[in-house]
Each structure stands twice: as C-alpha cells, then as structure tokens.
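See below for the structure under consideration.
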Amino acid sequence: MSTTQPLDVQPTPLALLLLGREADPSSERGVDCPGELPSPSDPDLVERARAAKEKLGDKVFVLGHHYQRDEVIEFADVTGDSFKLAREAAARPEAEYIVFCGVHFMAESADILTSARQQVVLPDLAAGCSMADMATAEQVAECWDVLTEAGVAERTVPVSYMNSSADIKAFTGRHGGTICTSSNARRALDWAFEQGESGQNKVLFLPDQHLGRNTAVRDMGLSLDDCVVYNPHKPGGGLTAEQLRDARMILWRGHCSVHGRFSLDSVDDVRARIPGVNVLVHPECKHEVVEAADFVGSTEYIIKALEAAPAGSKWAIGTELNLVRRLANRFADEDKEVVFLDRTVCFCSTMNRIDLPHLVWALESLVEGTVVNRIEVDPETEQYAKMALERMLALP
C-alpha cells in the first residue's frame, strides 16, 4: 500500500504578490502606502483638498488623467493622456511639486521630463498598470538575446508604447528605438522601418500587441502574416528562428485589461440596440473590434470626435468607463447620445486607486512639508529613457 507524499510546491514571487502576501517596492503591484489616510466617508474631504491646494499655490501642479474619477479630476490643473500630462509638468518649472493623478509609469515619465528640483508625487503607489507590468526589464533583455541568437537583433528597432515602465523606455533608448503614443504610433513605425537598409528592418513593439498590430495592419498596409507575437512566458518566446526572420512586426504579448475586454459581440450588440450608432474605439482594442468599428483613435481623438459630432448623433465608445461617463454628461445638452460599448461596467481598477482620500493625504502632507510617495527614476535609467522620448519628440 502506497502513501501519498505532500507536494513540495513553493509559491512564486508573482503568486505571492497577487495573493497580497508580499510587497515588492520595485514592482507596480502589491505596494502599500504609508501614513494615515482620511476616511472616505469624511464629508469635509472636498473642502480639505481645496484648502490644501490653495495653501500650496503655485508650488503644486496637479495632473489628472482622463480615466480618473470625477472627484479627482475636479482638482486637476490640467487633464489629458499620459504624454500630454508629462509634457505639461515639464512646462511648469515653477511648480516644486507635481502631483500626478494617474498610474506609476506616467509619474515616472513626468519625473524623467521635469527638472531635478521638481518632485513628482503619486498619491497611491499601488496605482500601477497591468499592461506595463506585462513587460519586465529581465524579460525584454532575454527577448533581445533570443533575437540575437536568431540573427535579427541588428535589424530590429524597438518601439515602446508610452504605457511602459521607465526600465523598458531605457531599454528602447539603449537599442536605438523610440517611444510612441496611440496618436503617433504610425509615425514612430514609419521612422523605425526607415532606419538601416530599406525594407530590411523589423520592429519589436512593446508592450501592447494590439496597438502594434492595428497600426501596422490597419494604418500601414502590412498583413497579419507579417506579425508574430513574442510570449515571454514560453522558451524562445514561443517562436522559431525562422518565424522571427520572416516577421516584420514582433509584437510583445501584452494588452490593456480594459480595452482588451471589448469584443465583436459588444459591437454587434450595441448596433442591434441603437440603430445608426457610431462605434468609436481606442486602438488598444483587439484587431477584430477595430476592424468592426466606424472610427478608431486615441483618447484625445475620441474627445475631439465627439466635440465635432453633430447634434442628435449616437456614439458607442470603446474606452475606459470614467471617461465615457464624463463625455456622456458633457454632451447630453447637445443631444448627443454617448454610451459605453460593453454592457458590463469596466473601470481601470488601478487608475481608480487614486481617490479623494489619497489626494487629500498627499496634498496635506505637502502643506506640512512632507513629500510622500515620491517617484524617482535613477540617473542611468533616466538618461536612456529620455533619449527614447526625445527621439519621439523629433519625429516628423
């Protein structure tokens, strides 16, 4: 008779982070904020935020990403997408403190682009980005080794989406690549393919496969066969050397947890429910959703499209719910119907970690002379990340 022996299985560091049993200060997951936060039920939170901001005056500049809660957006000096906000911070050298109401990679970009005397604060360190987390420096370095062994690294130009960590931006800068946003991804890819011998270059696109695929196929006329997906969790990325040599676009296996949930069923359902509706989606959506949509564009594009839309028009928007609700309220008086593309409620959960209690705590701490949750990028990483960002700024 045999006896069953217990399995000697040890949880991985990632599993411990996801279970909330460990914290890793260098990761965008599992990070606790120190200090005492005001109660979310405190009826004086709005007044406390307003009073703290008034006391700080020009010393503080508050940035609010489009996906933030309305209660936070109320106190933002500027709203926008991640790159616009980082540039706005850099254009305010008189502001000693930059309070970035967004997520971790955005605050890093602000620190890279602002002066050494300016200090960037993220109200909640746990406000990360699942997409940015899908590409670590170690994984990308291993990928480059795979490309080198396949004999294609010398002909590969990395292009990294703004929604990536400072480490990934630095990798991109070291290897002669550029950063892109959802609005200039076509220009970035055109530039990358023009480097070196014409028609010989490849692009390693990090970390969002959907933006890379949609830009290459929909905007540039490449085929789906020109694209392969590198999976960092498989040996060799799950690709053969021949596949890497044949590909034009090597797409990292990453995605946005919000935009990735929209499906063809979502599009079909909303068209059945609202005759004549215009479907407008972000290019981080899956390729089949983008192909089925009427319009595709960045967050800023979405806002401008609705501003220019005629009264009485109907729109189903495939992007984060906070923004869609804000747009629906804004244009209701103009008789523009704006609905969320999916029936299921879907906020960006990490963006929503920035709430009024965290903002009040950060601002009141600054009033008391204490800088909490400062985001600092080390000098070497900053040097190479800034190099990649400057290449983007120089794009025609």
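Every read-out reported here was derived from the displayed coordinates using simple, explicitly stated rules and does not represent laboratory data. In this text, all values refer to a predicted model and were calculated from it rather than measured experimentally. Glycine also receives a Cβ, built like all others from the backbone with ideal geometry; neighbour counts cover every protein chain displayed.
Data for the structure
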| read-out | value |
| --- | --- |
| Calculated SAXS-style log₁₀ I(q)/I(0) at q = 0.18, 0.20, 0.29, 0.30 Å⁻¹ - the range 77-138, Debye, Cα scatterers | -0.61, -0.73, -1.29, -1.34 |
| Neighbourhood charge, 14 Å Cβ-Cβ cut-off, centred on A241 and excluding it, Lys, Arg +1 and Asp, Glu -1 | -1 |
| Under-5 Å amide H pairs with V229, H placed in peptide plane, nonlocal only | L251 |
| Over the range 259-340, relative contact order from alpha-carbon pairs under 8 Å, at least 6 apart, % | 29 percent |
| In sequence order, calculated HN-Hα J values of the range 301-308 (Karplus, 6.51, -1.76, 1.60; Hz; x Gly/Pro) | 4, 4, 4, 5, 5, 6, 4, 8 |
| Longest to shortest principal axis, alpha-carbon extents of the range 259-340, angstrom | 33, 26, 19 |
| Residues with amide H under 5 Å from that of V279, placed H, sequence gap 5 or more | D294, F295, A316 |
| Relative contact order (%) - the chain, alpha-carbon pairs under 8 angstrom, separation at least six | 21 percent |
| For the range 236-253, Karplus couplings with θ = phi - 60° (6.51, -1.76, 1.60), whole Hz, Gly/Pro x | x, x, x, 10, 8, 4, 5, 4, 5, 6, 7, 6, 9, 10, 9, 9, 6, 7 |
| Summed residue charge, Cβ within 14 Å of A309's Cβ, Lys/Arg positive, Asp/Glu negative | -2 |
| Net charge dipole size for the range 75-152 [Lys, Arg +1 and Asp, Glu -1 on Cβ; Debye, nearest 20] | 360 debye |
| For the chain, convex hull of alpha carbons as volume per residue, Å³ | 194 Å³ |
| Rel. contact order, % - alpha carbon contacts under 8 angstrom, at least six apart, the range 116-204 | 27 percent |
